[in-house]
Every structure is written in C-alpha cells, then in structure tokens.
1. At 1.4 Å probe size, what's the solvent-accessible area of Arg139? Round to the nearest 10 Å².
2. Skip the ligands, DNA and RNA, and give the accessible area per residue of the range 51-137 with a 1.4 Å probe, whole Å².
3. Starting from the residue with the highest accessible area, list Lys102, Lys76 in decreasing order, probe 1.4 Å.
4. At a 1.4 Å probe, what is the % contribution of carbon and sulfur to the accessible area of the range 55-114?
5. Give a residue-ordered list of calculated ³J(HN,Hα) values for the range 63-69 (Karplus: 6.51 cos²θ - 1.76 cosθ + 1.60, θ = phi - 60°; whole Hz; x for Gly, Pro).
Amino acid sequence: MIDKRRTIQEQQYRQTSVGQSFYRLSTQLKPQPIDRSSPSVPDNPNLSPHSTTVEGVYIISVAARILQMHPQTLRKYERLGLIQPSRTVGMLRLYSEEDLAKLRLIRYLENDLGMNLAGVTFTLNLLEQLIELENRLLRQAQVQVRNNHIEHEIQQLFQRLNLPYGIIMR
C-alpha cells in the first residue's frame, strides 16, 4: 500500500511543472552522442549514434547504459536524494524520461561545470525554487489578466445601462 502511494506521488510530481521543467532544461543542454566504440554501450540497432531521445520507462541497467553511467552511480544519486525513481511492486527502480533528463543535468553540473555533489544538490534545489517562483508569477499574471477582463466587462455593462462607471462603492 505504501509503495503504491509513493509511486502515485512520484507520478504526480512528474506531471507537475517542476518535473517537466527539469526535462525541458536538460534538453537545452548540449547532448552527448552515444559512443559505440565503448564496450559498456550495447550494440542496439534501434539507437542511432546521434540519438538523444529514447522514450519509455527504464530499469536501472538500461538507464545506466543510456546515460553511460554506472548503475552504482545512479543508486548513489538516489541515496543522496538527487533523484527519486519510481519503484515496481518488486522494488525495481524505474527511470522515466524526466529522471533521465535530471540525471543528464546532474552529469553536466558535475563533469562540465566541475561541481561537487553538495553544489549539485544546492543548484537543483535552487533551480526547483526558481521554477516554482516562475509558476507562481505565471499564475499571478493569469489572475491579473482575468481581473482586467472582468473589469472591462463591468465597464461595458455600466455603459450599456447608461450609468457612470464607478458609481457603486466597492
């Protein structure tokens, strides 16, 4: 029961704008093509050397191969709270596209920018807060647009009734 609730909560998180924003942000980063000469990458005819998107949900070994990371690295990131993959009933980790995008972002921050894991954690938390702030501002702007529209409709109603606008005290 607890596993089902956790899986549902994780799916709801992935549907939020924060989960989607991590995916959108990571797709803006420079993708790293798959190196077929490496023995750790399976010879899969479905993956082109320049393929950057693979859709679906992946177990840890497949996710590690896609990301060219060791599975133990993915477990370490989970243990540190950087990523929360969903779980099956048998407790297998399932990585979604959003999880892979977040892992690509973590790899970029670590390898390309030289951040340590504490810096990565701080950056991810800051990024999540910025995304939430952006969402609040967007909601507030939408409310303001609605209020302006309602105000305009009230003005039109007063004009149709040949009443001076603002005669009624608010």
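The values are calculated or read from the model by the stated rules, or taken from the named source; none is laboratory data. Not measured: the values here are computed from a predicted model. In case anyone asks, the SASA skips ligands and DNA or RNA and just uses the protein heavy atoms, side chains included. Shrake-Rupley method; radii C 1.70, N 1.55, O 1.52, S 1.80 Å.
1. Here the accessible area works out near 130 Å².
2. On the way: 4680 Å² over 87 residues.
Result: 54 Å² of accessible area for each residue.
3. Lys76, Lys102
4. Values: 1530 of 2950 Å².
For the range 55-114, the apolar C and S fraction of the accessible surface comes to 52 percent.
5. With coefficients 6.51, -1.76 and 1.60, one gets 4, 4, 5, 4, 8, 6, 10 Hz.
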